[in-house]
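Written below as structure tokens is the structure these notes are about.
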Amino acid sequence: MKRPKLKKASKRMTCHKRYKIQKKVREHHRKLRKEAKKRGHKKPRKDPGVPNSAPFKEALLREAELRKQRLEELKQQQKLDRQKELGKKRKLETNPDIKPSNVEPMEKAFGLCKTENKAKSGKQNSKKLYCQELKKVIEASDVVLEVLDARDPLGCRCPQVEEAIVQSGQKKLVLILNKSDLVPKENLESWLNYLKKELPTVVFRASTKPKDKGKITKRVKAKKNAAPFRSEVCFGKEGLWKLLGSFQETCGKAIQVGVIGFPNVGKSSIINSLKQEQMCNVGVSMGLTRSMQVVPLDKQITIIDSPSFIVSPLNSSSALALRSPASIEVVKPMEAASAILAQADARQVVLKYTVPGYRNSLEFFTMLAQRRGMHQKGGIPNVEGAAKLLWSEWTGASLAYYCHTPTSWTPPPYFNESIIVDMKRDFNLEELEKNNAQSIKAIKGPHLASSILFQSSGLTNGIIEEKDIREELPKRKERKQEEKEDDKDSDQEIIDEELDEKSSGMFAAEETGEALSEESTAGEQSTRSFILDKMIEDDDAYDFSTDYV
């Protein structure tokens with residue numbers, strides 16, 4: 001039984017144990033020294049150098065110094081080369097305009113690659129470059145594939161670009177319903193029936209994980225009976241190949257096919273799926289393709305990748321949120337996510353994100369942040385992080401949502417019956433219908449209950465002409481100047497108040513007693529005006545709001 005009120009045993013080591021350990025350590029060191037003596041110490045021998053009696057000593061020493069200098073220069077050169085390579089890699093990461101080596105001669109042959117544009121690309125506005133590249137693609141193409149997101153096909157159509165293609169002459173326009181595995185089959189069929197009244201429409205599902213040719217063949221040989229991953233399966237490829245092949249046979253010449261569309265609809269993924277190689281850069285971020293890229297599919301068909309459309313700021317807030325690339329437009333996540341949330345069915349959103357009912361977007365983002373464990377310091381829900389999460393999911397290729405087709409079909413004003421007939425000519429439409437039916441049957445889409453109903457805002461207006469972009473820039477500058485002027489006026493008022501308070505405090509005693517002399521008042525007024533002018537000049541470098549709070 002333990003005695004009460006006794007201290008715990010000390011954790012200190014006994015002297016007997018400590019001395020025993022020290023003795024063992026000494027014996028170990030002695031043993032190591034003994035073994036080292038037996039082996040013998042091998043000290044590094046110093047270089048004796050060139051003896052004085054050696055002939056041509058000075059010449060040898062000079063040669064040795066020169067060799068040393070060359071080695072140092074070589075090291076410096078290698079260091080500079082490494083730095084240049086790192087700089088190039090960083091530029092490629094920020095501006096991923098990678099083009100394969102086998103494509104460059106093709107671009108030179110077609111006259112599509114211009115070094116002057118590359119040199120000016122850093123100086124010019126990115127939006128203007130996008131417009132220039134898009135015009136080049138339309139001019140060089142015989143067939144233009146407009147890629148649409150099957151979740152909102154009407155919102156992915158740009159009337160300005162379609163009108164430009166119609167006016168350009170003998171060019172064919174084909175619609176590609178990509179991401180068709182993210183909408184219910186009934187909705188996909190209704191959209192196909194609606195769109196094929198105007199233009200030839202292909203149901204497509206691009207593979208999101210394209211591999212190198214060698215890797216694919218090895219995998220097929222190794223696992224012949226194994227089922228591939230869902231992300232690697234491509235649907236609608238055969239139908240598109242046959243459609244382009246039939247048009248090429250009727251033309252009797254090699255054709256160029258341009259791929260256009262809004263950001264993140266899957267233009268580059270479609271090209272990679274057709275080629276079965278990673279020819280174009282694809283990723284989660286929007287607007288990765290920044291310049292046109294020529295990819296030869298075979299000897300007769302060449303496909304051209306293009307940068308995305310520029311969204312007009314006159315569109316609705318939901319269209320701007322879904323169609324504006326983050327790399328070009330400065331997207332505010334709270335505004336963008338709130339606009340998307342306003343167009344979605346609230347009941348289905350609650351079921352999808354497993355949150356209770358909400359009254360406004362801020363309440364929803366707060367509950368979503370708490371649900372996902374997104375907290376800031378002090379346990380405050382990260383509302384902005386939740387808004388970014390919702391915005392990234394709706395612009396990505398994982399969330400299932402759909403839009404209803406319009407109740408009545410009305411063609412756009414730039415289309416008439418003769419143009420519709422001309423667009424469908426030279427295509428094997430019967431074969432296309434069969435392939436579309438096979439693709440719809442093979443695709444495993446989500447159920448209506450598990451997908452969210454979204455109210456489309458209609459056609460999305462785009463910018464093609466550079467002059468329309470130039471008009472936006474002065475407005476922004478005027479706004480910035482007005483904001484600066486307002487800030488300066490407010491800062492000047494604060495400074496005047498503070499100086500008045502200080503002056504009243506400093507000269508309170510003198511005002512009660514004696515009057516100030518004329519010379520002193522003139523000097524003080526001049527110093528005060530000088531201080532004010534100096535403060536207003538340095539307004540950009542100095543923040544008065546923080547100093548005078």
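The values are calculated or read from the model by the stated rules, or taken from the named source; none is laboratory data. This structure is a prediction, so every number in the text was calculated from the model and none was measured. Cβ sites come from the backbone with ideal geometry, for glycine too, and all protein chains shown count toward neighbours. When the accessible area is computed, the model is the full protein with side chains, heavy atoms only, and any ligands, DNA or RNA have been set aside. Shrake-Rupley method; radii C 1.70, N 1.55, O 1.52, S 1.80 Å.
A few notes on this one:
- Region 22-93: C-alpha gyration tensor shape, a/c 1.5 cut-off, then a/b vs b/c: oblate
- Rounded to the nearest 10 Å², the accessible area of Ser361 at probe 1.4 Å: 40 Å²
- When each of Lys91/Lys275; Lys127/Lys267; Lys91/Lys237; Lys79/Lys127 is checked by Cα-Cα distance, pairs over 25 Å: Lys91/Lys275; Lys91/Lys237; Lys79/Lys127
- Phi-derived couplings, Karplus 6.51 cos²θ - 1.76 cosθ + 1.60 at θ = phi - 60°, listed residue by residue for region 66-73: 4, 4, 5, 5, 4, 4, 5, 4 Hz, with x used for Gly and Pro.
- Amide H contacts under 5 Å for Val183, placed H, 5+ residues apart: none
- Residue-level accessible surface for His28, protein heavy atoms, 1.4 Å, Å²: 100 Å²
- Long-range amide H partners of Phe309 with built H, under 5 Å: Gly261, Phe262
- Sorting Glu58, Glu363, Glu162, Glu189 by solvent-accessible area of protein heavy atoms yields Glu58, Glu189, Glu363, Glu162, largest first, with a 1.4 Å probe.
- The 1.4 Å probe gives accessible areas that order Cys15, Cys234, Cys156, largest first, as Cys15, Cys234, Cys156.
- With θ taken as phi - 60° and the Karplus curve 6.51 cos²θ - 1.76 cosθ + 1.60 applied, the whole-hertz 3J(HN,Hα) list for region 10-26 is 5, 8, 6, 7, 6, 4, 4, 5, 5, 5, 5, 5, 4, 5, 4, 5, 4 Hz, x standing for glycine and proline.
- Glu430 accessible area, assembled protein chains, probe 1.4 Å, Å²: 140 Å²
- Each residue of region 178-191 is assigned a 3J(HN,Hα), and the resulting list reads 8, 6, 6, 7, 9, 10, x, 4, 4, 5, 5, 5, 5, 5 Hz, derived from the Karplus form 6.51 cos²θ - 1.76 cosθ + 1.60 (θ = phi - 60°), x at Gly and Pro.
- For Ile303, the amide hydrogen comes within under 5 Å of the amide hydrogens of Val257, Val295, Leu297, counting only partners 5 or more places away or on other chains and with H modelled in the peptide plane.
- In this calculation the C-beta distance from Leu453 to Glu433 is compared with R0 = 22 Å, giving a FRET efficiency of 0.20.
- Accessible-area ranking of Met374, Met13, largest first, probe 1.4 Å: Met13, Met374
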